[in-house]
Amino acid sequence: MSTTDCPQNLFVLGHPVGHSKSPALHNALYRAMGLSWEYGLADLPTKADAQEFLAARRFLGVNVTMPYKPVALAEADAKASSAKLALGANVLAVKDGRLVAYNTDGHGCVMALERTGFRFEGASVVVCGTGPTSLSILHACAVAGAQDVVLLSRSKERAQSELQGYADRLEHLARAASALPTAALGRERYAHLLKDVRFRFGAYDTSRQALEGADLIVNATPLGMGEDDPAPFDTAFLHGDQTVLQAVYGHGTSALERAARQVGAAFFDGRGMLVGQAVATARILFDLNEVPCDLSDAQIFDIMAQGAGFDL
């Protein structure tokens, strides 16, 4: 989609495969609220194209898909803790001419799952993948109450490195919050995560115990975008007492979905997560632009889901 000089535009930035419903769900909310904002797609093939688009700042806000989440973080003038911890931003918003970065992937994942009845308190969670989406989800699950959170990758060393980096950034934010008398909530949250949550790492082929013992498994890798893609791990470890979420959607029935449904596990694709992160995006834009909104998150979710034609 070509850009315009209108500052009320919002976009999905990147290769928005699987996000074709984003304009419908966002615009449904803006129409319901009587806003003139318009959401569209910006399919930019190169990093240079993305950087040029962001430098122009002819938009109100941007949702960012892979592979540009690290680029979005690097281009931002200010970074929320959610983006810092994930090492990537899926939301950029303009405030007083400055780009502010956020990551709402984890928030969207948790919101979508809680709507299904899943309870994070004391849960064991496995997150597959080591990119910004995976780290955002790992963090959000821990904040929501998960007791045991395992990050898995094809390489145990890669998972260890990414988890250690996350822990280091978390400790840095905790120290920064300790120096601010107004950051009591942040201090308590970081202290809880550092003290009470058991973070672990592993490789897919050596983590049978973690996979079998998980209450929730989240596939936050690109696997599933192709109908012939395998699952990231051996699906023989799945069982009917588990919940499985695949962050991507709209690409046919994946191997992971088939396996999960075959054993009776509760399976969800990425539609609910997409809507959940869109709710968080809307809240950010309303706050930065001082737009009053009396709707609850649940009401916003329903409006957006209906606008996209999702039965959630």
Options E75, E38; residue that is in contact with a Cys (Cβ under 8 Å, 6 or more places away or on another chain) and modelled with pLDDT of 80 or more | E38
Could we say that G106 is touching a residue at least 24 places away in the same chain (Cβ under 8 Å), crowded, with 22+ Cβ neighbours inside 10 Å, in contact with a His (Cβ under 7 Å, 6 or more places away or on another chain) and under 28 Å from E290 (Cβ atoms) here?
-> yes
Go through F267, F310, F237, F286 for me and flag whichever is of a type in the set (F, W, Y) and farther than 28 Å from A89 by Cα.
-> F237
Might you check whether a residue that is among the polar types (S, T, N, Q), at pLDDT 95 or above and touching a Lys or Arg at 6+ places or on another chain (Cβ under 9 Å) occurs anywhere in the stretch 230-237?
-> yes
The condition of being closer than 19 Å to L211 by Cβ, hydroxyl-bearing (S, T, Y) and out of contact with any Cys (no Cβ under 6 Å at 6 or more places or on another chain) holds, among T243, T281, T253, only for T243
Tell me which of these A74 doesn't satisfy, since it passes every other one: (1) crowded, with 18+ Cβ neighbours inside 10 Å; (2) part of a helix (DSSP H, G or I).
-> (1)
In the stretch 121-135, the residues that are surrounded by fewer than 24 Cβ atoms within 10 Å (Cβ to Cβ) and in contact with an Asp or Glu (Cβ under 6 Å, 6 or more places away or on another chain) = A123, S124
When you go through A144, A93, A78, A140 one by one, which is the residue that is free of Cβ contacts under 8 Å to residues at least 40 places away in the same chain and within 18 Å of Q51 (Cβ to Cβ)?
-> A78
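How many residues are at pLDDT 90 or above, assigned to a loop (DSSP other than H, G, I, E, B) and in contact with a helix residue (DSSP H, G or I) (Cβ under 6 Å, 6 or more places away or on another chain) when one looks only at the stretch 1-35?
As a first pass, look at the stretch 1-35 and keep what is at pLDDT 90 or above: 24-35.
Applying the additional criterion that residues be assigned to a loop (DSSP other than H, G, I, E, B) yields 33-35.
Imposing the further condition that a residue be in contact with a helix residue (DSSP H, G or I) (Cβ under 6 Å, 6 or more places away or on another chain) reduces the set to none.
Here the count works out to 0.
The values are calculated or read from the model by the stated rules, or taken from the named source; none is laboratory data. What you see is a predicted model, and the numbers here were worked out from it, not measured in a lab. For neighbour counting, all protein chains shown are included, and Cβ atoms are generated from backbone atoms with ideal geometry for every residue, glycine included.
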